[in-house]
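Worksheet: one structure, shown below.
The values are calculated or read from the model by the stated rules, or taken from the named source; none is laboratory data. Since the model is a prediction, treat every value here as computed from it, not as a measurement. FYI the Cβ positions are ideal-geometry reconstructions off the backbone, even for glycines, and counts take in every protein chain you see. The area values use the complete protein model at the heavy-atom level, side chains included, leaving out ligands, DNA and RNA. Shrake-Rupley method; radii C 1.70, N 1.55, O 1.52, S 1.80 Å.
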There are 2 protein chains.
Amino acid sequence: MAQAAGELTLNQSQVLGHLRAANAPMTAYQLLGRMQNDRGAVAPPTVYRALKALEEAGLIRRIETLRAWAPVATVRPGVVVICDDCGTVRGVEAPGLLESLHERLVAEGFAEARKTIEVHGRCGDCAEDRA
Amino acid sequence: MAQAAGELTLNQSQVLGHLRAANAPMTAYQLLGRMQNDRGAVAPPTVYRALKALEEAGLIRRIETLRAWAPVATVRPGVVVICDDCGTVRGVEAPGLLESLHERLVAEGFAEARKTIEVHGRCGDCAEDRA
DNA sequence: TGGATATACGTTATAGTATAACATAGCGCA
DNA sequence: TGCGCTATGTTATACTATAACGTATATCCA
């Protein structure tokens, strides 16, 4: 069951599909539940393997502070903004910010490999709802 | 067993002591092991309760990307820099950077409550060791 | 004084997140 | 055909975190 490079397997595309259909990040076990609805018996490694492959392909990322996963389409750049009321997540572009942090660390001799920037709070829509 | 505000209980000061003695963040269960060495039977809630109190007191913080805990040195730094080789963690102050991100989000109507910024890579010392 | 309340901790059990290890199956190709 | 590769299945277990309930001690104040 070899797989052409750049294409998704069935597991992977199902997991990605569920993540893209959701309006908030999903935990691995929420995904597992969906997969079991779709297909019957599915075990955790099936989901975790798909998540790993999708993450390596740059199609999803883990939201560390939520222990959950989101498609990069909703979260693309470096800064992830999370509304604790409605659960939605979006990416904010802040190239200058990331750049200056990078410079700063390089100057201190630190070789940066991976950045996680997550901001929690309440989005404008939810603030209005409570106004 | 009420506790004067601002003072640490025995559990809390033992947990904090272990974290300060370590040269890298520790997981809750590593701490649990140390506590058991010190005192015999100790259960997870004892450790987690101490961690929660210490975090609320601003004395430690959870390193999300490591699922581990580290003491906070004096000022609460905005950016946590983690060496994946030696495991050490340090805080970097970057007030301008955080400020500009904050402005940016306020402009979009987002009310920020909590930020997590963690950078992984290799520190200068470890780069030298491998040179 | 004594009882209502609050806080910390003990204890048991369980929920939630993630991976190790080994087995099976399909595919490309020498 | 038989070998090696990759994806998936399957079982078990490790690791992280919290719920729920019980006990002890301190504090407040009627």
Per-residue SASA entry for B:Tyr29, accessible area with 1.4 Å probe, Å² rounded to 10
130
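As a test of the formula, what do you get for chain A when each DSSP H run with n ≥ 4 contributes -39,500 (n - 2.57) and the sum is divided by the residue count, at 222 nm and rounded to the nearest 500 deg cm²/dmol?
Details: 5 runs with 56 residues, N = 131.
Helix contribution divided over all residues of chain A: -13000 deg cm²/dmol.
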Please give the length that would be gained between A:Asp84 and A:Glu99 if that part of the chain were fully extended, namely 0.36 nm times their separation in residues minus their C-alpha to C-alpha distance (nm, one decimal).
2.6 nm
Cα-based helix-to-principal-axis angle, B:44-56 vs chain B, degrees rounded to 10
40
Please provide three numbers in whole Å: the alpha-carbon extents of the stretch A:79-129 along the principal axes, with the largest listed first.
46, 17, 13
Shortest-first nm distances, A:Asn37 label point to equivalent points in other copies (7 Å, Cα→Cβ)
4.8
Probe radius 1.4 Å, ligands and nucleic acids ignored: give me the carbon and sulfur share of the accessible area of the stretch B:8-105 as a rounded percent.
52
Projected-area mean, the stretch A:10-65, by convex hull of Cα positions, square nanometres:
3.7
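Out of all DSSP beta bridges in chain A, what portion is antiparallel? Express it as a percent rounded to 5.
Numbers: 9 of 14 bridges.
Percentage antiparallel, nearest 5: 65.
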At q = 0.13, 0.17 Å⁻¹, base-10 log of I(q)/I(0) for the protein assembly as shown (Debye sum, equal scatterers on each alpha carbon):
-1.04, -1.36
At A:Arg62, label 7 Å along Cα→Cβ: distances to the other copies, nm, ascending?
1.4
Proximal charge balance of B:Leu101 [Cβ under 12 Å; K/R count +1, D/E count -1]:
-4
Dipole magnitude of the protein assembly as shown about its Cα centre (Cβ charges: Lys, Arg +1; Asp, Glu -1), debye to nearest 20
880
Sorted largest first, the Cα spans of chain B on the principal axes come out in Å as 50, 46, 22
Ordered shortest first, which distances in nm separate the 7 Å Cα→C-beta label point of B:Thr88 from those of the other copies?
4.4
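Please average, across the residues of A:85-97, the number of beta carbons from any other chain that are within 10 Å of each residue's own beta carbon, and give a whole number.
Details: counts 1, 0, 0, 0, 0, 2, 0, 5, 1, 5, 0, 3, 7.
Taking all residues of A:85-97 together, the mean is 2.
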Over the stretch A:10-65, give the accessible area per residue in Å² for a 1.4 Å probe, as an integer.
51
As I understand it, the value is the acute angle between the Cα axis of helix B:10-21 and the longest principal axis of the Cα atoms of chain B; what does it come to in degrees, rounded to 10?
50
